[in-house]
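The values are calculated or read from the model by the stated rules, or taken from the named source; none is laboratory data. As the structure is a computational prediction, the values presented were derived from the model and not from experiment. Cβ placement follows ideal geometry from the backbone for every residue including glycine, while neighbour counts extend to all protein chains displayed.
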Amino acid sequence: MAAVFGAILYFGAVSLLAPLIQRAARRNPIITEQDERRAKIREQRHIFGLLCGFSWIITWRLVTITQAVLLSAVPGVDHLTVLVLGI
């Protein structure tokens, strides 16, 4: 249950940060078509960085590391069963 709640918080944080990134990418006045392209590229780069950061944080979460240790430490654990149950 905690993993589900954590995933909801991650998506919530991304949905809160994305509009801030979009606003920051367009803070300079857009006059020409080239300015518009630069703003789109800047926005894409920042959102890509945000998503990369959030994908890496999952590998460092304590719950994820603990789950990997428990799966390797407890003999006879069926990995498929754990995957299906979502534990």
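Inspect all residues belonging to the stretch 53-67 and state whether any of them is aliphatic (A, V, I, L, M), surrounded by 11 or more Cβ atoms within 10 Å (Cβ to Cβ), at pLDDT 70 or above and part of a helix (DSSP H, G or I). Within the stretch 53-67, none of the residues are aliphatic (A, V, I, L, M), surrounded by 11 or more Cβ atoms within 10 Å (Cβ to Cβ), at pLDDT 70 or above and part of a helix (DSSP H, G or I). Criterion first (modelled with pLDDT of 75 or more, surrounded by 12 or more Cβ atoms within 10 Å (Cβ to Cβ) and of a type in the set (A, V, I, L, M, F, W, C)) does I21 satisfy it? In short, yes.
Output the residues belonging to the stretch 5-39 that are touching a residue at least 12 places away in the same chain (Cβ under 8 Å) and either within 30 Å of L85 (Cβ to Cβ) or in a helix (DSSP H, G or I) (or both). Hits for the stretch 5-39 are G6, Y10, A13, V14, L17, A18, I21, Q22, A24, A25, A39.
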